[in-house]
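Participant: Okay, here's the structure, questions in a sec.
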Amino acid sequence: MRYPAVFFDRDGVLNEDFGYVYRAQDFVWKAGAIESIRSFKRKGYLLYVITNQSGVARGFYSEEDVRKLHMWMNDELQQIIGEKVDGFYYCPHHPFLGSSAYTCDCECRKPKPGLIEKALSNGRINLQESFLIGDKSTDLLAAKAIGMKGYLFQGENLFDFCKSIGVV
Ligand SMILES: [Zn+2]
């Protein structure tokens, strides 16, 4: 059985993008984000977060920090609406910034579709019924690269946006 899925970019879509957010204390949910997650879950969507986190390559924070924040996000969602994101996929790389193994020309940094492909490899997702919501053209390019619909969200309230495109 395959299910429709929503792929969210993280910073700027689910949370306010203050730049390199990695601590729960700096994390502010975007207006309408939790409401959107609840609504999609009720409609039977799988939910994935697909996020470039070059702050790791740049040495601003660690992969452990990224994973901890994602666990915290799911704890929050569980407490507030009794739901969770089904998977978090992040790219810790940067093509030229930093000075570690994370500085490389990887296959997962958006606009490449590697993170989405990784999610799809779980075999649970119906690609035709799925879509991505991002706030940058690189997000939409990643979706386009694997033939998935993408919507550009640059407003203030994610739930209002989802209503306006007719998906909730
Ligand atoms: Zn990468």
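Participant: Could you tell me which of rounded, prolate or oblate describes segment 20-164, using a ≥ b ≥ c as the square roots of the eigenvalues of the alpha-carbon gyration tensor, with rounded for a/c under 1.5 and, failing that, prolate when a/b is larger than b/c and oblate otherwise? Can you show the working numbers first?
Facilitator: Numbers: a/c = 1.69, a/b = 1.25, b/c = 1.35.
Taking the square roots of the gyration eigenvalues as a ≥ b ≥ c, segment 20-164 is oblate.
Participant: Using the Cα centre as the reference, give the magnitude of the dipole from point charges on the C-beta atoms of the chain (Lys, Arg: +1; Asp, Glu: -1; all else neutral), rounded to the nearest 20 debye. Let's see the in-between values first.
Facilitator: Working: 21 positive and 21 negative charges, 105 e Å.
For this selection, approximately 500 debye.
Participant: Based on the Cβ-Cβ distance of PHE18 and GLN128, what FRET efficiency does E = 1/(1 + (r/R0)^6) give at R0 = 30 Å, to the nearest 0.05? Don't skip to the end; give the middle numbers.
Facilitator: On the way: r = 35 Å, r/R0 = 1.18.
The pair PHE18/GLN128 has a calculated efficiency of 0.25.
Participant: Which whole-number percent is the relative contact order of segment 107-167 (Cα, under 8 Å, 6+ apart)? Mind showing how you got there, number by number?
Facilitator: Values: 67 pairs, mean separation 17.9, N = 61.
Over segment 107-167, the number comes to 29 percent.
Participant: Now for a separate question. Can you tell me what share of the DSSP beta bridges in the chain is antiparallel? A percent to the nearest 5 is fine. Intermediate results must be reported in sequence, preceding the final value.
Facilitator: On the way: 1 of 21 bridges.
Antiparallel bridges make up about 5 percent of those DSSP assigns within the chain.
Participant: Using +1 at the C-beta of Lys and Arg and -1 at the C-beta of Asp and Glu, which of ILE50, CYS106, MET71 has the Cα lying farthest in the positive direction of the dipole of segment 45-113?
Facilitator: Going by the charge dipole, the pick is CYS106.
Participant: Same structure, new question: Using 0.36 nm times the number of residues separating ASP75 and LEU141, minus their current alpha carbon distance, what extension gain do you get? Show your work: numbers first, answer last.
Facilitator: Details: separation 66, 0.36 × 66 = 23.76 nm, distance 3.05 nm.
Value of the extension gain: 20.7 nm.
Participant: Which of the aspartates and glutamates could be linked to LYS118 by a straight reach, that is with a Cα gap under 14 Å, when you skip same-chain ones fewer than 8 residues away?
Facilitator: Cα-Cα hits under 14 Å: ASP86, GLU107.
Participant: If you count only protein heavy atoms with a 1.4 Å probe, what accessible area per residue comes out for the chain, rounded to a whole Å²?
Facilitator: Solvent-accessible surface per residue comes out at 48 Å².
Participant: Between PHE96 and ASN157, take the C-beta separation as r, use R0 = 25 Å, and let me know the FRET efficiency to the nearest 0.05. Please list the in-between numbers first.
Facilitator: Values: r = 36 Å, r/R0 = 1.44.
FRET efficiency, PHE96 to ASN157: 0.10.
Participant: Below 8 Å between Cα atoms, with a sequence gap of 6+, how large is the relative contact order for the chain in percent?
Facilitator: Numbers: 313 pairs, mean separation 48.7, N = 168.
That works out to 29 percent.
Participant: Something else about it: Would you please classify the overall shape of segment 89-168 from the alpha carbon gyration tensor, given that a ≥ b ≥ c denote the square roots of the eigenvalues, rounded means a/c under 1.5, and beyond that prolate means a/b larger than b/c while oblate covers the rest? Spell out each step's value before the answer.
Facilitator: Numbers: a/c = 2.71, a/b = 1.56, b/c = 1.74.
Note, shape of segment 89-168 comes out oblate.
The values are calculated or read from the model by the stated rules, or taken from the named source; none is laboratory data. What you see is a predicted model; the values in this text were computed from it and never measured. All Cβ positions, glycine included, derive from the backbone under ideal geometry; neighbour counts span all protein chains shown. Heavy atoms of the whole protein, side chains included, go into the accessibility calculation; ligands, DNA and RNA do not. Shrake-Rupley method; radii C 1.70, N 1.55, O 1.52, S 1.80 Å.
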